[in-house]
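Notes follow the structure.
The values are calculated or read from the model by the stated rules, or taken from the named source; none is laboratory data. Source: prediction; values computed, not measured. Here Cβ is always computed from backbone atoms with ideal geometry, including for glycine, and neighbour counts include all displayed protein chains. The accessibility values were calculated without ligands, DNA or RNA, using every heavy atom of the protein model including side chains. Shrake-Rupley method; radii C 1.70, N 1.55, O 1.52, S 1.80 Å.
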Amino acid sequence: MFHNILVAVDGSPDAELALTEAIDLAESERTHLTLITAVSQLPATAYLAAGEELGKVVEDAHAAAETILRRARERVPDDLSVTAVLTDEPIRAALIDQIARGEHDLVVMGSRGRGAIRSALLGSTSHCVLHHSPIPVLIVHADRSRSTRAPELTAVAE
């Protein structure tokens, strides 16, 4: 059914569970996995406050993203085909771009469990992808018991 699954990873419990679900799907269908993470974007005020330390802050953010991607890759069994993508773009834009050019047929990602008000104010990466993806999106919630609820699978048509 699936041939190329895109998995967003960020080191959060939700993303860890999403990766577990994606690996399970990939193993059952002998599917290719594409892992993607983004270097954390600094708020504009950080550039004013950081001064000479800005280079170190940017370097640390890049190293943290590389570590997240490496750890995710290490969780994927050796017999599965996997590609890792590290981007400096904001993750929302990077995911939409990757979906458009990556020939993926499923996106798997975690939800941080933001409430409706906070999500409306701050926005949510999973919410953005869910509403802009032309392919199905599997959103995994780490705070749900896997024995009582299945992950949410939502197909979005444009």
Inset, instruction - Residue by residue through the stretch 19-45, note down the ones that are within 25 Å of D60 (Cα to Cα) and open to solvent by less than 30 Å² (accessible area, probe 1.4 Å). - result: L19, T34, L35, I36, T37, A38, V39
Inset, instruction - Among the residues of the stretch 68-90, count how many are closer than 15 Å to G11 by Cβ and touching a residue at least 40 places away in the same chain (Cβ under 8 Å). - result: 7
Inset, instruction - Being part of a helix (DSSP H, G or I) and either aromatic (F, W, Y) or open to solvent by less than 20 Å² (accessible area, probe 1.4 Å) (or both) is the filter here, so list the residues in the stretch 70-97 that pass it. - result: A72, A94, L95
